Amino acid sequence: MTYEPVIGVEVHAQLQTQTKLFCSCPTSFGLPPNTQVCPVCLGLPGSLPVLNQRAVEMAVRTGLALHCELTLTNQFSRKNYFYPDLPKGYQISQYDLPICGPGWLEISVNGKRKRVRIMRAHLEEDAGKNVHEEGADDSHVDLNRAGTPLLEIVTEPDLYSSDEVDAYLKTLRDLLVYLDVCDGNMEQGSFRCEPNVSIRPKGHEALGTKVELKNINSFRYAKDALEYEISRQTEVLDEGGVVQQETRLWNVNKGQTAVMRSKEGAHDYRYFPDPDLLPVILDSELIEELEHTIPELPSVRLQRFMQDYRLSEYDAAILTDSKGLADYFECCVKLFPHPKTVSNWVTGELIRELNTSDTSPADAPMSPQRLAELLQLVDSGTVSLKAARELFSELYATGMSAEQLVKEKGLVQVSDEGQLGVIVDEVLVAHSAQVEQYHGGKEAVLGFLVGQVMKASKGKANPGKVNELLKRSLAP
Amino acid sequence: MALFKLTLQELQDKFTSGEITAGEIARAYLLRISQVEPKIKAYISLTPREELLAHAQEIDDGLKAWRKTEPLMAMPLGIKDNICTKGMRTTCGSRMLEHFVPPYDATVMTKFNAQKPLILGKTNLDEFAMGSSTEHSAFGPSRNPWNQQHIPGGSSGGSAAAVAADQCVAALGSDTGGSIRQPAACCGVVGFKPTYGRVSRYGLVAFASSLDQIGPITKTVTDAAIMFNALVGYDPLDSTSAKRDFPDYTKSAKKKDIKKLVVGVPQEYFTEGLDPEVAEKIQDAIQVLEGMGGKIQEVTLPSTERAIATYYLIATAEASSNLARYDGVKYGFRAKESKELAEMYHSSRSQGFGPEVKRRIMLGTYALSAGYYDAYYAKAQAVRTMIQRDFDAVFQEVDLLVSPVMPSPAFRLGERLEDPLQMYLSDIYTIPASLAGLPAISLPCGLSAKGLPIGLQLMGRPFEENIVLRAAYAYEQATNWRSKRPTIRS
């Protein structure tokens, strides 16, 4: 039997606020255990939560970008369960009234566009971390992360392959990074995904039993875990078995998923509205204000780059992959209006340098102005393409003006006909044999002669000009 | 007259005029407590003698430099032991928090401390404020100063007993379903529960968050107004605190009449179950109110009979979640020698909580469970709204409501300990105002034949504490109940 997987995805995006969701502790990562805490995020008796307005604004901006219906009066609820990293014995989350209702996100898979429906997105606080050292017989709890704001974004079961999930995750992450609401770092856990997958006979409407997958902290694992899980479920059904509703953990080393908890083991979280927090009321003025702060989104920008700059989808996609790079490109194009050329340099030399130095485009020591200046010099023939390429690393690292560096290195290209004419004449005299061959119809010899001129000029001669002068001199 | 017999207002006058010093006040109360406390057991923790005297000395030394006094400066106060006091243990009357020392002050303590009072100690309560008699305190019950065989009421029984026994001039209590008003009635003192949201809950250890409210227990209505002035106001640390203006409440305790006020008498509060002796005293009080110019009007609050059931669903549901944090992981009691996590949770909570707390956690957990939520918790919220609407409708016609505080005078220790339902019924007249978030006061209106105090309750519109205090003051001035003091027998 042929089966079709049906996949939905939950993403927990850590919001980039300065302080936690319900107290003023910093959200910094990687500090000594239990140093970023206060009575509120420690859950001390008598402490009370106060909502961080910045987190609400970030959730609204995300909701707007995902075309979500905003819940104008939304509410926090308590999700009750016991775990050592959960200091209050409940997590403050949203339940029946999430801040963002239904919406959609457009993705592109193998050139095909598709809308993935968003079911909801809600605000909640993160838990702390249990730390267990190998061999020790006690565990420790670090509550630095407890109370960090998360936005949980849930799709409808609209994805039908691991490729689609991959595209969805990447598109969503780019969007969140563009919006400046999340740094998108999967390894540090600021962008966590939990797909759920079921399979059904191809052509059938009814959904199969779904399995939730956890412990996925890279795009690669998401793809691997889903593919494993789809084939596992297929095997179960083919052998006449039944897929159990359960949560399974992805084991990277084994390349397998294993049961974490079955449906029977599922919690009754006893959600109820948190009486310590008032309902959150979004007024239309705030929404309107936030609407203006939403930058052009990656998918829209990609289309615009293809249209306005006549770039290929491939180039446009690379350029709009990060907001910083796209901004860099556009800034450069304004000063040097040859989009294709700028695109080549940005997607080639610049990205290479950025990757090597692990720098973001905004922090690149070479500004877009400096790059435009270099391209101008190439265009005007002041410096050769070859020299420009050779100098790029140094220009990038130092942030120097190209004009200055070219002068300092004596790399200014010679295009003056008078100067070049002298060298050309010398070369023609020195290589009379080749000149005769040329006249005899062997035009390929021209390349040799150009090389000789370049050599005599120590590489400074403008090759185009040399070509032109040679042809003119050799003309009968 | 002995210093400890003075009201807050009188003590304040003597201190402000320089007639007495903070040191004298501290010594007088230390002596009084040492004599009375063994019989009353109002306190769980006392401020060490040297510390208190040093603090008093600081006040006396600083007076010249400050050139002014604050209303609560040098005033000897008791604080209910579910209000967090930085550096001073806060037990909530529970083994679970027997050794818990908060690293922070409740907002009300920050406000108090700015006025430099003398904090004498932390008063006894039913465990986590769950109870009506202090018998559910892990540290043993307090005694009623009028008759030590009787309960002082609860849960703020320690605070009420301490004020009645002159072991502090005024105290803080907290009220969830009557925990300030009912013990005040039992002990013959004034207990005032402000509108929900008037006083910050930050640092009040939560029992039921949508109902808990801090308020004063005092000897007179004027004293309650002085204390309330120091407590009231918006707190950015409490999202449920009200951003509203407030007057000087001592100005409400000036007029001796209640002309132009309409006083409603809700029929449902005078039915079966009300002790005839209490009914009679309340009827007397109603006549007094009428005599002072109040217009008396019978009213009806039809949802009243549903209040207790509603309360015990909402309060326990919230409590089941609020008390989840006591898990033995971070602070508080942890059972020894658990082999695994689930066992540690189980043993710590089984051993750390008393029977009444466990009963309520189980009730609340049940009310919130999948499949029962709609039938219990959601239904209770709907009924709570009905009760609020009853009050809204009645307050279109009347300015105040008058009622008993408790169906009977203080019962005997142990009398209802084995019968939780009977115990719950002692809150029948105080719970509705809690569910509706209304301001309500309890003040003495007579003594029973056995010599136990009886309390009168006045309830007002939300945020109209000034009207409640005005009527209470006028009644207090028109009668002489406040001059009746218990004699503490040894």
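The values are calculated or read from the model by the stated rules, or taken from the named source; none is laboratory data. All figures in this text were calculated on a predicted structure; none of them were measured in a lab. Quick reminder, even Gly has a Cβ in these numbers, built from the backbone with ideal geometry, and neighbours come from all protein chains shown.
Scoring B:I286 on the criteria (1) more than 11 Å from every other protein chain (Cβ to nearest Cβ); (2) in contact with a helix residue (DSSP H, G or I) (Cβ under 9 Å, 6 or more places away or on another chain); (3) β-branched (V, I, T) leaves a single failure, condition (2). Cβ separations smaller than 6 Å between residues 6+ apart or across chains give no pair from the range B:344-364 residues that are outside the structural domain of B:G332 (by TED's automatic domain parsing) to residues that are assigned to a loop (DSSP other than H, G, I, E, B) and surrounded by fewer than 17 Cβ atoms within 10 Å (Cβ to Cβ).
For the range B:299-350, the set of residues classified as surrounded by fewer than 16 Cβ atoms within 10 Å (Cβ to Cβ), among the hydroxyl-bearing types (S, T, Y) and in a helix (DSSP H, G or I) consists of B:S350 only. Within the range B:365-379, restricting attention to residues that are in contact (Cβ under 8 Å) with a residue 24 or more places away in the chain and among the aromatic types (F, W, Y), the residue that is nearest to the other protein chains (Cβ to nearest Cβ) is B:Y377. Find the residue count for the range A:39-72, including only residues that are within 9 Å of A:C23 (Cβ to Cβ) and crowded, with 21+ Cβ neighbours inside 10 Å. Total satisfying the criteria: 5.
Screening the range A:239-259 for residues that are loosely packed, with under 15 Cβ neighbours inside 10 Å and assigned to a strand (DSSP E or B) and picking the one that is nearest to the other protein chains (Cβ to nearest Cβ) gives A:V259.
Checking each residue in the range B:276-298 for being among the charged types (D, E, K, R) and either at pLDDT below 95 or assigned to a helix (DSSP H, G or I) (or both) picks out B:E277, B:E280, B:K281, B:D284, B:E290.
Considered as a group, the residues in the range A:323-350 that are among the hydroxyl-bearing types (S, T, Y) and crowded, with 22+ Cβ neighbours inside 10 Å include one that is farthest from A:M366 (Cα to Cα), and that residue is A:S343. Filtering the range B:308-341 to residues that are more than 11 Å from every other protein chain (Cβ to nearest Cβ), free of Cβ contacts under 8 Å to residues at least 60 places away in the same chain and either small (G, A, S) or touching a Cys at 6+ places or on another chain (Cβ under 6 Å) (or both) leaves B:A335, B:S338.
If the condition is being facing chain B (nearest Cβ under 7 Å) and closer than 14 Å to A:K129 by Cα, then the range A:74-87 contributes A:F82, A:P84, A:P87. Here B:S448, B:S442 are screened, and the one residue that is polar (S, T, N, Q) and buried (at least 24 other Cβ atoms within 10 Å of the Cβ) is B:S442. Checking each residue in the range B:190-248 for being away from chain A (no Cβ under 13 Å) and either without any contact (Cβ under 8 Å) to a residue 24 or more places away in the chain or assigned to a loop (DSSP other than H, G, I, E, B) (or both) picks out B:P194, B:T195, B:R198, B:K219, B:T220, B:G233, B:R244, B:D245, B:F246, B:P247, B:D248.
Conditions (1) small (G, A, S); (2) under 27 Å from B:T310 (Cβ atoms); (3) surrounded by fewer than 24 Cβ atoms within 10 Å (Cβ to Cβ), marked per residue:
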residue	(1), (2), (3)
B:Q148	no, no, yes
B:G153	yes, yes, no
B:S156	yes, yes, no
B:A162	yes, no, no
B:G178	yes, yes, no
B:R181	no, yes, no
B:V189	no, no, no
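Can you say whether A:L31 is within 12 Å of another protein chain (Cβ to nearest Cβ) and of a type in the set (A, V, I, L, M, F, W, C), as far as the supplied structure shows? Taking the combined requirement at face value, the residue does not satisfy it. Within the range A:35-53, restricting attention to residues that are more than 10 Å from chain B (Cβ to nearest Cβ) and in a loop (DSSP other than H, G, I, E, B), the residue that is farthest from B:V329 (Cα to Cα) is A:N52.
Looking across the range A:273-302 at every residue that is within 14 Å of chain B (Cβ to nearest Cβ) and not hydrophobic (A, V, I, L, M, F, W, C), the one that is nearest to A:K323 (Cα to Cα) is identified as A:P279. Among the residues that make up the range A:104-111, is at least one of them more than 21 Å from the chain's Cα centre (by Cα), more than 14 Å from chain B (Cβ to nearest Cβ) and either modelled with pLDDT under 95 or assigned to a strand (DSSP E or B) (or both)? No: zero hits. Please verify whether B:T91 is surrounded by 20 or more Cβ atoms within 10 Å (Cβ to Cβ), within 14 Å of chain A (Cβ to nearest Cβ) and under 25 Å from B:G332 (Cβ atoms), treating the condition exactly as stated. Yes. Report whether or not B:M362 is assigned to a helix (DSSP H, G or I), within 14 Å of chain A (Cβ to nearest Cβ) and on the phi < 0 side of the Ramachandran plot. So B:M362 fits the description; yes. Of all residues in the range A:289-296, at least one satisfies being assigned to a helix (DSSP H, G or I) and without any contact (Cβ under 8 Å) to a residue 12 or more places away in the chain.
Only a single criterion out of (1) in contact (Cβ under 8 Å) with a residue 60 or more places away in the chain; (2) in a helix (DSSP H, G or I); (3) of a type outside the set (G, A, S) is not satisfied by B:E268, namely (1).
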